[in-house]
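Every read-out reported here was derived from the displayed coordinates using simple, explicitly stated rules and does not represent laboratory data. On a predicted model such as this, the values are computed, not experimentally measured, just so you know. Ideal geometry is used to build each Cβ from the backbone, glycine not excepted, and the neighbour counts take in all protein chains shown.
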Amino acid sequence: MESALKLIVVANSKGGAGKSLLVIGIASALHRAGKRVRVVDLDEQGTVARWFKADTSNAYPTPPSSELMIDAAIFDDDDTQNAKLAYQHLLKIEDEDEYDFVIVDTKGEAALLTSVAMSAADVVLCPTDGSSAEFEPVIVTYKTYEAALARVDESADPRESFRVVFTRQTALQANTVRDSKAALSELFPCVPGPSQSSSYNDAHYAGTTLGHLVDRAEQTAKEGGTPAIRSSAKRAMEKHGKALKILAELLTQLELLQELENVPA
């Protein structure tokens, strides 16, 4: 019987494109919608692997592993062996069928490990700010995915499951950025993503999900000891709630969520 689990791989051959923060955001939004999520960090920098370990004060709740689990899937120093073991790890997760989504964070390069992960993906998300400096890395990422997919299914069309996610969007953009985005949109299906990353940074720093940030801010906005504390908490609640809503809209557009469940207006 075919598993209903969806495997999402976040990849860009350029480092610093916002892959790890997008993984944290998507995982938070899916968890907020009541989905069971497993995150696999294939980047040796381990940004996502440190997510729930970032804050040791236990100020925020950590979701139980049955709801949101983080894997640091670096098994071997040898790249080829590590890629083989990582692929087996993903297959094992799929066979166990205990989660609704698996989200894979990858290295900021066209690595064998990334290629192997993409070959198993239901959807590949390539985050980029759309600038000319990030145009070529998107092309390299797509070609890496195209080659990886061809090795497992020559008839598969990578454009059906490859999506460029425009991040760090602003109302005022240079002409070169607009031109680069237009060129990417002619080549690939593109979807709007997060406009800023501060909420994701806050979640990573606090070692919790965006949803838990919203809940704590909402509680403080009601029960804070001073007007200033309550006002600050209300602004935080609105900021994190907006971030969650943008992510839920992204996942809905990608047909990974059916509706904007449990997301503040």
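Within segment 71-90, the residues that satisfy the criterion of being among the hydrophobic types (A, V, I, L, M, F, W, C), under 20 Å from the mean Cα position of the chain (by Cα) and either under 21 Å from residue 142 (Cα atoms) or outside any loop (DSSP other than H, G, I, E, B) (or both) are 72, 86, 90. Residues that are touching a residue at least 12 places away in the same chain (Cβ under 8 Å), within 30 Å of residue 59 (Cβ to Cβ) and either touching a helix residue (DSSP H, G or I) at 6+ places or on another chain (Cβ under 6 Å) or not charged (D, E, K, R) (or both): does segment 163-170 have at least one? Yes, segment 163-170 has at least one match.
Restricting segment 91-106 to residues that are among the β-branched types (Val, Ile, Thr) and in a strand (DSSP E or B) leaves a set whose member that is nearest to residue 118 (Cα to Cα) is 104. The criterion of at least 2 residues that are farther than 19 Å from residue 27 by Cα and without any contact (Cβ under 8 Å) to a residue 40 or more places away in the chain is met, among helices (runs of 4 or more DSSP H) falling completely within segment 189-265, by 210-223, 227-253. Being acidic (Asp, Glu) and buried (at least 16 other Cβ atoms within 10 Å of the Cβ) is a property that residue 41 has.
Taken over segment 91-121, the criterion of being of a type in the set (Asp, Glu) and under 16 Å from the mean Cα position of the chain (by Cα) is satisfied by 100, 105. For beta carbons closer than 6 Å, sequence separation of 6+ or different chains, a first residue in segment 138-155 that is closer than 14 Å to residue 121 by Cβ and a second that is part of a loop (DSSP other than H, G, I, E, B), the qualifying pairs are 141/11; 141/12; 141/13; 144/110; 149/156.
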